[in-house]
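Below you'll find the structure, written out as structure tokens, and then a few comments.
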Amino acid sequence: MAHVVEMKMMPPWFADPRHGHFANNPSLTEQQIQTISAWAAAGAPTGSPSDAPPPKKWTEGWNITQPDLVVKMPVAVKIPARGEVEYTYEIVPTHFSQDRWVQMSEFRPGSPAHVHHAVVYIRPPGSHWLRHAPVGEPFTASSLTDPEEQRQAHETTSDLLLVYAPGSSPDQWPNGMAKFVPAGSDLVFQMHYTTNGTADQDQTEIGIVFSKSTPGQRVVTLQLNNHALIIPPGADDFRVEVQGSLPHDATLVSLFPHMHLRGKGFEYDIMNLDGSKEVLLRVNYHFHWQLSYKLAEPRLLKAGTKLRAIAWYDNSKNNPHNPDPTKTVTWGDQTSDEMMVGFFDIAIPSGMDKWKFFERPGGSSDHD
């Protein structure tokens with residue numbers, strides 16, 4: 001216990017304290033760390049029972065407010081004991097008769113030990129994405145017969161309702177902010193399972209709390225990613241970056257970096273016109289604790305603001321999580337491959353259409 005608090009591994013928080021202030025920072029103070037260390041060094045003596053706090057009462061059920069709606073994958077997915085499992089999808093119609101605003105949402109995996117990560121997308125009515133895929137039953141890209149839809153399974157411009165990875169917290173947007181689900185939308189569960197020697201089945205569900213009124217701002221999850229990464233064998237500090245700029249004013253709410261087992265560090269920057277940078281977040285990445293970093297004060301970013309994401313990878317034998325330091329590593333779905341995704345949540349006026357936000361002055365558009 002002393003070691004993990006001195007190393008600041010517990011409570012899990014990996015942001016460099018020199019950059020940014022975050023509302024969900026659970027870090028202990030130096031005095032608290034010293035108290036625990038001294039207690040451990042003394043042999044962890046038992047204190048007076050009369051000074052003990054009341055027994056910990058663990059949350060039963062949801063960590064968010066009691067959901068207004070629980071959406072469950074209709075059919076359980078069978079997970080084998082060994083081998084790789086292709087990304088699995090289930091499409092669930094909402095049957096919403098009117099537009100809805102989601103202020104809180106939470107993943108509850110059916111088999112937490114097997115869910116590597118998951119995404120729920122919002123597929124609005126009229127969308128051509130996976131239009132011929134089965135509804136209400138599991139499928140994979142390779143089970144689809146249309147080559148175009150096989151490709152579509154791995155890329156979409158649909159909104160993200162919720163992203164889950166080990167260590168993730170539920171989405172709980174401030175008053176006046178929410179995610180938009182148009183009437184008649186489907187929710188598309190994209191599940192990435194990993195095997196661990198024991199077969200199981202998963203039937204993940206999500207809980208949703210609706211905003212009681214139309215919010216002033218719509219939350220949209222965007223990402224900076226670089227699919228072209230090629231990490232050489234043995235490289236212990238390989239750098240990958242990507243940049244993009246905002247077409248319109250937006251309020252930055254939170255940041256969520258995603259990498260795989262060779263992930264070492266991740267950084268988000270604002271790049272200024274004079275060539276200088278402002279570091280928004282720098283983390284020592286930990287694959288088993290993929291955290292969202294929620295800004296203590298949402299940050300207004302003016303139109304044209306250039307954002308940069310940088311990722312560093314350790315593909316050497318010194319990385320204890322590295323499955324194969326002799327392998328050249330490229331982008332891929334499986335844990336043995338790599339990803340470089342800098343998710344970030346922004347808020348825009350609730351009346352602004354998402355695609356209007358991406359239209360730049362002069363008529364061009366950027367659908368990142």
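Every read-out reported here was derived from the displayed coordinates using simple, explicitly stated rules and does not represent laboratory data. As the structure is a prediction and not an experimental result, all values here were calculated from the model. Virtual Cβ from ideal backbone geometry, glycine too; neighbours counted across all protein chains shown.
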### Cα centroid separation - the stretch 190-209 against the stretch 1-53, whole Å
32 Å
### Query
Setting aside same-chain residues fewer than 8 positions from K212, which lysines have a Cα under 26 Å from its Cα?
K72, K179, K294, K354, K356
### Task
Return the lysines within reach of K327: Cα separation strictly under 19 angstrom, same-chain partners fewer than 8 residues apart disregarded; answer none if there are no such residues.
K264, K317
### Message
I'd like to compare 14-25, 257-268, 30-41: which one has the highest average count of other Cβ atoms within 10 Å, and what's the full order after that?
### Response
257-268, 14-25, 30-41
## Note on the structure
Once the dipole of the chain is set up from charges on Cβ (+1 Lys and Arg, -1 Asp and Glu), the residue from the list I346, F358, A165 lying farthest towards its positive end is I346
### Task
Kindly write out, for the stretch 244-255 in residue order, the coupling ³J(HN,Hα) from the Karplus curve 6.51 cos²θ - 1.76 cosθ + 1.60 (θ = phi - 60°), rounded to whole Hz, with x marking Gly and Pro.
x, 10, 8, x, 9, 4, 7, 9, 7, 10, 7, 9
## Note on the structure
Of 324-331, 310-317, 222-229, 196-203, ordering from highest average Cβ density within 10 Å down gives 310-317, 222-229, 324-331, 196-203
### Query
Points 7 angstrom from Cα along the Cβ direction at S316 and D353: gap in nanometres?
5.2 nm
### Task
Based on alpha-carbon positions alone, could you give the equivalent ellipsoid semi-axes of the chain from the gyration tensor, as √(5λ), descending, whole Å?
32, 26, 25
### Message
Past the 22 angstrom mark, what percentage of all C-alpha to C-alpha distances in the stretch 69-212 do you count?
### Response
38 percent
### Message
Less than 13 Å Cβ to Cβ from W62, Lys/Arg counted +1 and Asp/Glu -1: what total charge do the surrounding residues give?
### Response
-4
### Query
Say each of T198 and E30 gets a label point 7 Å from the Cα, pointing the same way as Cα to Cβ; how far apart are those two points in nm?
4.3 nm
## Note on the structure
Between W58 and D99, the two model label points (7 Å from Cα along the beta-carbon direction) sit apart by a distance in nm of 4.2 nm
### Message
Give me the dipole magnitude in Debye, nearest 20, for the chain about the Cα centre, with unit charges on the beta carbon: positive for Lys and Arg, negative for Asp and Glu.
### Response
540 debye
### Query
Taking Cα pairs under 8 Å and at least six residues apart, what relative contact order does the chain come out at, in percent?
22 percent
### Query
List the aspartates and glutamates whose alpha-carbon lies under 16 Å from that of K8, not counting same-chain residues fewer than 8 positions away?
D16, E30
